[in-house]
Amino acid sequence: MILHVDMDAFFASIEQAVNPKLKGLPIAVAGAKKRSVITTASYEARKYGVKTGMTIVQGLKLCPTLRIVVANFKKYEATSIEIMNILKFYGDVEVYSVDEAFVEIGNENPEAVTNCFKSKIKEKFNITCSVGAARNKTLAKLASGLKKPDGFFLIKDVSEISHLPVSEICGIGKKIACKLALSGIITIGDFMKAPLHKIKEVMGINGVRLFYVLKGEINEHVNPYTEKPKSIGNSMTFDRDLFYKEEIYKALFQLAEKVGFRLRNEGLEARHISLIVRYKDFQTFSMAHKQLMPIFEEKEIFQIVKFLIDKIELVKPVRLLGISASDLYPAIQKKIFDNKIEECYRIIDKIREKWGFDSITWGIVHQKYSHNKPISPAWRPNRIC
Ligand code: TTP
Ligand code: MG
């Protein structure tokens with residue numbers, strides 16, 4: 001049995017939990033800028049029609065008493081990580097988004113398991129979630145939305161929800177729903193009765209797969225976060241030893257870029273960043289810094305190693321530098337609207353994948369430290385410490 005857990009009005013609930021004055025009030029969480037949009041609204045505000053994606057002005061028009069709270073993504077991310085860790089007690093967990101996860105609970109009673117973690121989450125954070133249970137992820141996800149907020153819904157067989165519109169199924173967006181409607185497929189019941197060639201005509205092979213998943217003939221497994229590396233590190237041995245801080249900063253930024261790229265590629269973020277320095281005479285030492293929140297950006301990684309190297313006086317020329325990122329966490333998709341950083345990194349990484357790593361870089365390393373030796377991706381701090 002698979003559970004889909006979806007936190008209720010996640011960002012807004014957290015704000016209400018940490019500031020009891022907001023409890024029971026219509027609130028909306030939005031970015032700091034004047035023209036920011038609403039990321040989510042409390043259930044009290046939803047009664048007035050306030051929704052995700054509206055501007056603050058639109059929200060206030062619908063609900064003049066609406067309280068606007070500025071989003072604090074770090075707070076939401078920290079809560080999300082802790083919630084995912086609670087869920088891990090109950091089975092394999094696949095983190096789906098910042099406030100959603102699938103949990104594989106085997107033959108356990110889904111309602112009993114749900115009650116257990118619901119009360120733990122409530123006790124720790126004073127927020128609620130809605131849970132869907134089914135034999136597959138698609139139906140479990142659909143089920144979690146059927147009794148919001150603080151709900152539980154079990155779907156034993158797709159026939160129990162045949163009256164619902166097909167657009168309720170994750171993966172069937174507005175466009176596909178319209179095309180299906182033109183073929184007379186409006187409800188989930190219609191979908192399950194439709195000839196397969198019709199579904200294939202509209203949705204291709206994905207539609208056929210979906211049909212068999214809903215029928216229970218294809219199993220969907222929860223993909224827990226496993227087999228990921230324990231640390232990600234890169235080092236660079238220089239052709240000529242470095243002495244000046246400016247040169248060292250450039251080399252460190254290049255290393256931070258490699259580590260950041262590899263972290264994002266693995267879908268990971270790191271809390272522990274260490275810096276390794278080897279002098280000309282092979283004397284080697286390392287320094288480390290632990291962050292409160294996990295990071296994935298080279299700029300942040302660089303700031304940490306710069307801070308570390310600035311704390312010491314380099315007494316001899318440097319032969320090798322290395323950066324290692326550890327204490328890794330699965331990166332959580334940040335769907336916040338005014339966070340352009342992720343989008344920016346996504347584009348940089350795509351360019352690098354297509355045109356090679358050196359095809360794009362940040363201003364700081366415009367004049368790269370030139371070296372002939374490749375950076376070894378196999379570097380681990382304990383090998384050379
Ligand atoms: P959702 O789970 O879609 O919404 P929600 O938890 O606020 O409400 P519901 O009870 O209906 O599940 O998203 C989770 C959080 O992600 C949400 O609180 C705010 C944020 N978010 C964005 O930043 N941008 C978006 O486009 C969406 C949909 C959500
Ligand atoms: Mg939610």
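The values are calculated or read from the model by the stated rules, or taken from the named source; none is laboratory data. Quantities reported herein were computed from a predicted structural model and do not represent experimental measurements. Positions of Cβ are generated from backbone atoms using ideal geometry, with glycine treated the same way; all protein chains shown enter the neighbour counts. Note: areas computed on protein heavy atoms with side chains; ligands, DNA, RNA excluded. Shrake-Rupley method; radii C 1.70, N 1.55, O 1.52, S 1.80 Å.
Points worth noting:
- Those residues of region 111-136 which are within 19 Å of Leu214 (Cα to Cα) and either modelled with pLDDT under 95 or away from ligand 1 (no atom under 16 Å from the Cβ) (or both), in sequence order: Ala133, Ala134, Arg135, Asn136
- Residue in region 182-192 that is of a type outside the set (Gly, Ala, Ser), under 30 Å from Thr128 (Cβ atoms) and either open to solvent by less than 60 Å² (accessible area, probe 1.4 Å) or assigned to a loop (DSSP other than H, G, I, E, B) (or both) present: yes
- The number of residues in region 58-85 being of a type outside the set (D, E, K, R) and open to solvent by 20 Å² or more (accessible area, probe 1.4 Å) comes to 14.
- Selection within region 27-60: residues that are within 21 Å of the chain's Cα centre (by Cα) and at pLDDT 90 or above. The member of this set that is nearest to ligand 2 (Cβ to nearest atom) is Thr40.
Quick grid of which residues meet (1) on the phi < 0 side of the Ramachandran plot; (2) loosely packed, with under 15 Cβ neighbours inside 10 Å; (3) not polar (S, T, N, Q):
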residue: Val131; (1), (2), (3): yes, no, yes
residue: Arg135; (1), (2), (3): yes, no, yes
residue: Gly151; (1), (2), (3): yes, no, yes
residue: Glu201; (1), (2), (3): yes, yes, yes
residue: Asn206; (1), (2), (3): yes, yes, no
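- Gly233 vs. criteria within 16 Å of ligand 1 (Cβ to nearest atom), outside any loop (DSSP other than H, G, I, E, B), open to solvent by less than 40 Å² (accessible area, probe 1.4 Å) and modelled with pLDDT of 90 or more: no
- All of (1) modelled with pLDDT under 95; (2) farther than 29 Å from Ile341 by Cα hold for Lys23 with one exception: (1).
- Per the listing Glu77, Glu104, the residue uniquely among the acidic types (Asp, Glu) and modelled with pLDDT under 95 is Glu77.
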